[in-house]
Every structure is written in C-alpha cells, then in structure tokens.
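Any read-out appearing in this document is the output of simple, stated calculations on the displayed coordinates, not a laboratory observation. Remember, predicted model here, so these are calculated numbers, not experimental data. As a convention, Cβ positions derive from the backbone with ideal geometry for all residues, glycine included, and neighbour counts pool all protein chains shown.
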Amino acid sequence: MEALKQFWAERAPRERSILLAGALLLAVAILYLVAIEPAWTGITRLERSLPQQRANAAELEALLAEVKTMKARPAVATMSAADARKALEESLTRAGIKAARIVPLSDGDVQLTFSDVPVGRWAPWLAVAERELGARSTSVTIAGREATPGNVDVELALRLARK
C-alpha cells in the first residue's frame, strides 16, 4: 500500500486526473460487463420464452383438471363375461355401429370385426368402451377403404373388465 501512495504522490495533478478518469472508465466497463449486460440479455431471453412458458402452464392446468375429473369418476365395476359382452353390445348400439362379427376368445377376451365402419364413429366408441366398460385393446388392425373414404375395416381384440 505504501508503494501505491508513493506512486500517487509522484504524479503530477494532470496525470492524476487522467489516471482517475481511466480507473473510472475501467470500473464502469467492468460494472457493465459483470452486472448490467448479463441481466439485460437475461431479461430479453426470458421475455421471449414467456409465451411458451405460459402455454406450458396452461397445458399443465388442463391436465390437472382432467386428472381431477377422472379421480371424481366412480371406479369401473367388474362384471361377469356374459354381462361384459352384453354391455359391449349395448355400447355398440348406442354408438350406432354394428360389429360384423363378435367372437369370444379362450382367455375371456373378445374379438370384434368391423367392416366398412366410419372412423368418426368407431374411434370415439372405442374411447368410450375403454373408459366406461374398463375394456382394454390388446390388438388392433385397421385397413382403409378406397371405395368409401373415411371408412375402415377393423379387427379388434378387447380385454373386458371382469370378475
């Protein structure tokens, strides 16, 4: 510290002014590079990502609301194989579609064949059957129909909720 005091005392007033101005300029540059510029670019980056973050938050809120409604629903009751098949046929009737063939499989599952069925009716029916009847698709084969656009042929194996 003594060497610094001696160095400063040996300088002329004009030199001291120039050294002070240089030190002040250096301090301002360091302050800008260390504190102001990173904060400024960070704020800009965060402002650009804010709409995406808000969209993500809205999506999470929607998923949370869906989970709450699903938890509020009563659990799917298990039923006998005969009752399950009857409920399945009633569900098909309500959806306005008819299976070309319903074949019980050896493990209690059911294989359904649909011919020339509209996708706009079949896909929602499957979602309803899974949700309301506790059915689970174990195998699905879908083939498009060139003669009737929007219709498909479907081979579907369902595992029904049962006792």
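Volume per residue, Å³, of the convex hull around the alpha-carbon atoms of the chain?
Dividing the Cα hull volume of the chain by its residue count gives 275 Å³.
Let's see if you can work this out: charge +1 on each Lys and Arg Cβ, -1 on each Asp and Glu Cβ, no other charges. What is the dipole magnitude of the range 61-151 about its Cα centre, in debye to the nearest 20?
Magnitude of the dipole: close to 160 debye.
Pick from Ala123, Ala12, Ala100: which residue has the top mean-square fluctuation in a GNM of the chain where Cα pairs under 10 Å get a spring?
Largest GNM mean-square fluctuation: Ala12.
Describe numerically, in nm with one decimal, the distance between label points set 7 Å from Cα along Cα→Cβ at Leu19 and at Trp40.
3.1
With viscosity set to 0.890 mPa s at 25 °C, what whole-number translational diffusion coefficient in µm²/s follows for the range 23-104 from Stokes-Einstein and a Kirkwood radius over Cα pairs?
127
Each label point is 7 Å from the Cα along the Cα-to-Cβ direction; what then is the distance between the points at Leu33 and Val67, in nm?
The answer from the label model is 4.7 nm.
If I build a Gaussian network model for the chain, linking alpha-carbon pairs within less than 10 angstrom, which residue out of Leu46, Leu64, Leu92 has the largest mean-square fluctuation?
Most flexible of the set in this elastic network: Leu46.
If you take the beta carbon distance between Leu26 and Leu60 as r and set R0 to 45 Å, what does 1/(1 + (r/R0)^6) give as a FRET efficiency, to the nearest 0.05?
0.40
Kindly express, to the nearest 10 degrees and within the range 0 to 90, the angle between helix 13-31's C-alpha long axis and the longest C-alpha principal axis of the chain.
Roughly 10 degrees between the two axes.
For the chain, set up a Gaussian network in which alpha carbons nearer than 10 Å are linked by springs, and say which option among Arg145, Arg101, Arg14 fluctuates the most.
Arg14
Pick out, from Leu4, Thr69, Ser139, the residue whose Cα sits farthest towards the positive end of the charge dipole of the chain, with +1 on the Cβ of Lys and Arg and -1 on the Cβ of Asp and Glu.
Farthest towards the positive pole: Thr69.
Quick check on the chain: of the DSSP beta bridges with both residues there, what percent are antiparallel, nearest 5%?
About 95 percent, rounded to the nearest 5.
About the Cα centre of the chain, what is the dipole size in debye to 20, counting +1 per Lys and Arg Cβ and -1 per Asp and Glu Cβ, all else neutral?
340
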